[in-house]
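First up is the structure itself, then whatever we jot down about it.
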Amino acid sequence: MIIKRLVSSLLEFPLFQGMTVADMDNVVTRTAFGFHKTAAGKMVVKEGAPCQQLFMLMSGTLKVESRADDGSYKLTETIAAPAVLQLEAIFGFTQHYTRTYLSDSPCQFITISKVEMLRLCECHEIFRLNLLNMICTQSQRAARLPWRQQPNNIRRKIVRFIEDRSLHPAGRKILNAKMEVLAHELSESRLNISHELNAMQDEGLLHFSRGIIQIPALELLHE
C-alpha cells in the first residue's frame, strides 16, 4: 500500500510520467528518496543556498520570493502541489537556488539527491528524456523572450515586467518596489506609472500603497 501511494505520488510529476509499472517498481524499491513535512510559515529553501537535492512538493502551497540582483525590488507569488523546485539549479554552471521558498501551508516533500538523479538517468531512458525535455523546454522559452513584441503602453509594460519575473503568468502576485524604481525599470516617468497604477486600482485589478503592489489575479490585467 505504501509503495502504491508513492508510485501514485511520483506519477504526478513530469519526470516520471510515461514510465511503465515495472520501471516504477524498480524506481521506488531502489531509489533513496527523502520524505519531509513542513509546517506553515517555515523556510524551505533560501535564495543562494546550494542545490544538492531535488525538492518535489507533494501537497500544500509555497510562497516564492524572487529578488532583483541589487535588491531594489521583490516579487512574491504562490505555487501549489505538485511542483518541482528549480530543476535547472541542480546541474549547470551555477548550482544554487535563485529564489526563496517558504511554506504557505503545511507541506509534504519528496527529495532526490543529485547522485540518485544521475543513477535514475543512467538506468531509465524515460526519466532521462523527461529531464532533458523539461530543461530544454525551459531554455527554449527563455530564448524566445527577447524576440517578443515590445509593450506599446504603460499598462502592458507593467504587466510584462511582472510576467517576465513570475514562475507562472497568472494568479496572485505581490510586487515590492518603490515607484521610482519601477519607473526606472520601465523607462517611464514616476508620474505616468502612478497614474496607471491608480487607474488599475480604480478598476479593481490591483491595490498599491507604500511600495507594495498587490495583484489578486495577474491574468486579469491584460487589456
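In table form, for the structure just shown:
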| read-out | value |
| --- | --- |
| Accessible surface of the chain, 1.4 Å probe, proportion on carbon and sulfur as whole % | 54 percent |
| Heavy atoms of His36: accessible area, 1.4 Å probe, square angstrom to 10 | 80 Å² |
| P(r) tail fraction, the range 1-116 - alpha-carbon pairs more than 16 Å apart, % | 63 percent |
| Radius, Kirkwood style, for the range 2-57 when every pair of distinct Cα atoms is counted (Å) | 13.3 Å |
| Between helix 21-30 and the chain: long-axis angle, C-alpha atoms, 0 to 90°, nearest 10 | 90 degrees |
| When the range 96-160 is reduced to its Cα atoms, the Kirkwood hydrodynamic radius in Å | 15.9 Å |
| Over 22 Å (Cα to Cα) - which of Lys74/Lys114; Lys42/Lys74; Lys42/Lys114; Lys37/Lys74; Lys46/Lys173 fall in this group | Lys74/Lys114; Lys42/Lys114; Lys37/Lys74 |
| Pairwise label distance in nanometres, Lys74 with Ala22, each label 7 Å out on the Cα-Cβ vector | 5.2 nm |
| Projected-area average for the range 126-223 over all orientations - Cα convex hull basis, square nanometres | 7.3 nm² |
| Estimated dipole of the range 47-200 in Debye, rounded to 20 [Cβ of Lys and Arg +1, of Asp and Glu -1, Cα centre] | 360 debye |
| Sequence of Met43, Met56 when ordered by accessible area, the most exposed leading, probe 1.4 angstrom | Met43, Met56 |
| Efficiency of FRET from Cβ geometry, Asp164 and Ser139, R₀ 22 Å, rounded to 0.05 | 0.90 |
| Residues of the chain: accessible area per residue with a 1.4 Å probe, Å² | 57 Å² |
| Over 21 Å [Cα-Cα, the chain], rounded percent | 61 percent |
| 13 Å tail of the calculated P(r), the range 57-108, as % of Cα pairs | 62 percent |
| Gain in span if fully extended, His207 to Gln52, counting 0.36 nm per residue against the direct Cα distance | 52.0 nm |
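The values are calculated or read from the model by the stated rules, or taken from the named source; none is laboratory data. None of these values were measured; they are calculated from a predicted model. Cβ sites come from the backbone with ideal geometry, for glycine too, and all protein chains shown count toward neighbours. Note: accessible area is taken over every heavy atom of the protein model, side chains too, but ligands, DNA and RNA are not part of it. Shrake-Rupley method; radii C 1.70, N 1.55, O 1.52, S 1.80 Å.
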